[in-house]
Amino acid sequence: MIMSLERMIELANTIQDEELKKKTIEILKDIKLTHPTLKNYEREDPEKVRTPFVVNDTIVIRELTNHTVSVTEACIKIAEVIEKNYGFKVNKDALVAGALLHDIMKVYEFKDGKPTKILFDHSALGFGELYKRGFPEEVLHLVISHAAPSTNPPRTLEALILHYVDTLLALVEFGIYSNIVEKEEK
């Protein structure tokens, strides 16, 4: 099931900080690299992007928009549970923006389910573009640290939530794929 960019914009509309909401919706509606040396990178339609995820030498191809919507919705629910049951305040605006934008630059990294020949991965491209557009540090950290372990591991509660939700749902996607393959083989 493909969830659309339209649903991603609905989720962005839950951001309370008006400036962050505006910037997030702006980039979702017009994903582009604005740095002069990167402007010529070819971009795939986000609703057509299929990206590989590897588990135990098995490659799963997943849909970018469905993955992003699922991650964002799960992050929101987990933030609610943490606030309710543990009393921690979660910066839900940064979390929602980061969840929506964490993989957005995969539109440059993958075409037809295969990697392109660009020099930067989606995390670096996302960080750079969001930095250039003046996104807050908390959102920049979410984007650059979501695929930890890395040189920038998650250092905030929001970054931990995004990292573990992203990883968990990738494994769920793998499980769904595995079940489909097993059923088709029988």
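The values are calculated or read from the model by the stated rules, or taken from the named source; none is laboratory data. Just so you know, these numbers come straight off a predicted model, no measurement behind them. All Cβ positions, glycine included, derive from the backbone under ideal geometry; neighbour counts span all protein chains shown. With ligands, DNA and RNA removed, areas are computed over all heavy atoms of the protein, side chains included. Shrake-Rupley method; radii C 1.70, N 1.55, O 1.52, S 1.80 Å.
Below are the figures for this structure:
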read-out	value
Close pairs (6 angstrom Cβ cut-off, 6 or more residues apart or separate chains): open to solvent by 70 Å² or more (accessible area, probe 1.4 Å) in segment 106-125, of a type in the set (S, T, Y) and assigned to a strand (DSSP E or B) anywhere	none
Residue check for G113: in contact with a strand residue (DSSP E or B) (Cβ under 9 Å, 6 or more places away or on another chain) and of a type outside the set (S, T, N, Q)	yes
Some residue of segment 138-145 being of a type in the set (S, T, Y), assigned to a helix (DSSP H, G or I) and open to solvent by less than 10 Å² (accessible area, probe 1.4 Å)	yes
Tabulated pairs, segment 24-50, first closer than 26 Å to T14 by Cβ, second small (G, A, S) and at pLDDT below 90, C-beta under 8 angstrom, 6+ apart or interchain	E47/S4
Residue within segment 74-90 that is within 19 Å of G126 (Cβ to Cβ), in contact (Cβ under 8 Å) with a residue 40 or more places away in the chain and aliphatic (A, V, I, L, M) present	no
